[in-house]
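Written below as structure tokens is the structure these notes are about.
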Amino acid sequence: MPKRNQIQHLWDSCIQFFYPGSCPACGQRLLGDEQLLCSPCLSRLACTGHESMETNPLETRMKAHLPLQRAAALLRFTQTGVAQKLLHQLKYHHRPEIGQFLGRLGGQKFAGHPVLKEADCIVPVPLHPAKQKQRGYNQSMMIASGLNEARKIEIRADLIVKTEASNSQTRKNRLSRWENIRQSFALDPRCQQDANLRNRHFLVVDDVVTTGATAVSCCRELLQLPGARVSFFAVAHPE
Ligand SMILES: [Zn+2]
């Protein structure tokens, strides 16, 4: 018997087949020159403006937890905004191209910003292997490949592993949720021996940053590498 996610993928594929050019945020049919998103939704995308700020709230918050170089996000995340709709489609409705679209947009906006300019290796936040198999792709990897179109730097999806699925977090209090996330990421032990990974500037990439626990944990794992510097980029941040 097919699993629920397979039925969902099949349904999404049918929708795509019959309505190939519909906007993933509002469902309206796309016009000739519109790429993925319709013009009204594109104009409603709420940008953070981090690319023109000296520092920003996300960077300040993360620097309280670890020695970070830079952090930035492309869009402001609200529960009813276009960014939320896009990220929901990306994660739960088998639309990997949305990740590439958002990454490309981030690459264009941040091409001259240190968060992208100074990094020399992109590290997408990993999914647990079971989750990735179920989804069919890692959405952060899709965003990374979009970013890579603006600035060609190495992408390494094999440095950090997600060791626990950690899906019962809603029942935990805030502190133990942080602890739980901290323990669920690990640096692949083979990295420590790899001379190519010394003195690198890693850019950790995620879809949406909420508590910041995932971002901080992944950055902290990479900081174990000799001479490592770490920055962080997310598509969306609630602020
Ligand atoms: Zn639209």
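The values are calculated or read from the model by the stated rules, or taken from the named source; none is laboratory data. Just so you know, these numbers come straight off a predicted model, no measurement behind them. Here Cβ is always computed from backbone atoms with ideal geometry, including for glycine, and neighbour counts include all displayed protein chains. Quick note on the areas: whole protein, heavy atoms, side chains included, nothing else; ligands and nucleic acids left out. Shrake-Rupley method; radii C 1.70, N 1.55, O 1.52, S 1.80 Å.
What the table below lists for this structure:
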item: In region 56-82, residue nearest to the ligand (Cβ to nearest atom) [restricted to those that are open to solvent by less than 80 Å² (accessible area, probe 1.4 Å) and assigned to a helix (DSSP H, G or I)]; result: Val82
item: Scope region 33-55; condition farther than 16 Å from Glu118 by Cβ, open to solvent by less than 80 Å² (accessible area, probe 1.4 Å) and of a type outside the set (A, V, I, L, M, F, W, C); matching residues; result: Glu34, Ser39, Pro40, Thr48, Gly49
item: Members of region 41-55 found to be out of contact with any Phe, Trp or Tyr (no Cβ under 6 Å at 6 or more places or on another chain) and assigned to a helix (DSSP H, G or I), listed by number; result: Cys41, Leu42, Ser43, Arg44, His50, Ser52
item: Qualifying residues in region 92-105 (those that are surrounded by 19 or more Cβ atoms within 10 Å (Cβ to Cβ) and among the charged types (D, E, K, R)) - the one farthest from Glu221 (Cα to Cα); result: Arg95
item: Pair list, Cβ < 7 Å and 6+ apart or interchain, from region 41-59 residues that are without any contact (Cβ under 8 Å) to a residue 40 or more places away in the chain to residues that are of a type in the set (Asp, Glu) and open to solvent by 20 Å² or more (accessible area, probe 1.4 Å); result: none
item: Residue among Ala72, Ala25, Ala46 that alone is among the small types (Gly, Ala, Ser) and within 16 Å of the chain's Cα centre (by Cα); result: Ala72
item: Boolean, His94 is at positive phi, assigned to a loop (DSSP other than H, G, I, E, B) and either away from the ligand (no atom under 16 Å from the Cβ) or not charged (D, E, K, R) (or both); result: yes
item: Pick from region 106-155, criterion of a type in the set (Lys, Arg) and in a loop (DSSP other than H, G, I, E, B), ranking: least open to solvent (accessible area, probe 1.4 Å); result: Arg151
item: His88 away from the ligand (no atom under 15 Å from the Cβ) and either surrounded by 14 or more Cβ atoms within 10 Å (Cβ to Cβ) or without any contact (Cβ under 8 Å) to a residue 40 or more places away in the chain (or both); result: no
